[in-house]
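Nothing in this text is a laboratory measurement; each read-out follows from the coordinates by a stated rule. Model, not experiment: these values are computed from the prediction. Please note: Cβ atoms are built from the backbone with ideal geometry, for glycine as well, and neighbour counts cover all protein chains shown.
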Amino acid sequence: MKQILIVFVALVGFASLEASGAEIQPPDSSRKDTTTYDVVIKNDGVEFTGHIVSQDAREVVIETKNMGLVAIPKHEIKTIKKVKASEIDKASGRLLNDRFASRYFLTANGLPIEKGESYVQWTLAGPDIEFAVGKRFGVGVMTSWLGVPLIGSAKYSFPVSKNFNIGVGALVGSMTWTNITQGGVLPYTSLTLGNRQRNLNFSVGHATLFSEGTTEGSGLYSIAAMTSMGPKVSFVFDSFILPSNGLFIAAPCIRWSTKPNKAIQFGLGAFARKGEFFPLPIPAIQWFQTIN
């Protein structure tokens, strides 16, 4: 009798729902979190931004703004990460993330070199290679095509808050085969306000040059900044201030990300010394490329 009563009540309830026009709605799987996006980066540097709709042992399916559903084989994927909507360009749907954001023209800021962002910076004078060897820790080496000078670098970055990072590092170099006893050391600290799209940096260091038993030191300062002008273009400003010699060097540049893992940077510099201004007649051109 009890079972019959339960069935009767269930039938009455179902009939009441139908009579009132109510419908049982399935979960809306089309709803997407518009505050975050998924970014899939392949081994060749190509990236897809959108929302992952499914993934298994063989492939990841992501819904992108411009291409719709894209199926990517798992063995071709380097990394998958989730980013905030503010890091996505609304027009193109591309990630506003400069992989070389920890570097300006020559100076480095407090932002860390993230895992997978080791890179080489080619210039007309020679290469500069930077490696991400640990969490927030990077090392590098720069030189000219003649191997003179040879400079090693190291930097550790740590966040103070969401938009404030501090970097502590040093440059150590020598004139190598021309005169191994000549060289210099430059420890520095960088204070960076902002993120990888827009930031302002203040650096302070002390350069010590040594040659044949004698040393000479001087404070060295820098003010630098970068701002994204779109998904591929950023404005970069770098400067060097040497108060002991009354020297100021400014280097405004434009950085164009030709591919997700490549960029070219070019601009014109100028310097002032003891009140006199001199433009640099040769444009500065640099090429960036990730190496892992």
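Here are some notes:
- Residue that is loosely packed, with under 14 Cβ neighbours inside 10 Å, over 23 Å from Met226 (Cα atoms) and in contact with a Lys or Arg (Cβ under 7 Å, 6 or more places away or on another chain), where the choices are Gly275, Gly246: Gly246
- Scanning the range 171-208 for residues that are among the hydrophobic types (A, V, I, L, M, F, W, C) and surrounded by 14 or more Cβ atoms within 10 Å (Cβ to Cβ) yields Leu171, Val172, Met175, Val185, Leu186, Leu191, Leu193, Leu200, Phe202, Val204, Ala207.
- Only residues that are part of a strand (DSSP E or B) and either polar (S, T, N, Q) or in contact with a helix residue (DSSP H, G or I) (Cβ under 9 Å, 6 or more places away or on another chain) (or both) were counted across the range 184-205, and they come to 6.
- Wholly enclosed strands (runs of 3 or more DSSP E) of the range 222-292 bearing at least 1 residues under 20 Å from Ala108 (Cβ atoms) and of a type in the set (Phe, Trp, Tyr): 233-242, 247-259, 262-267, 284-290
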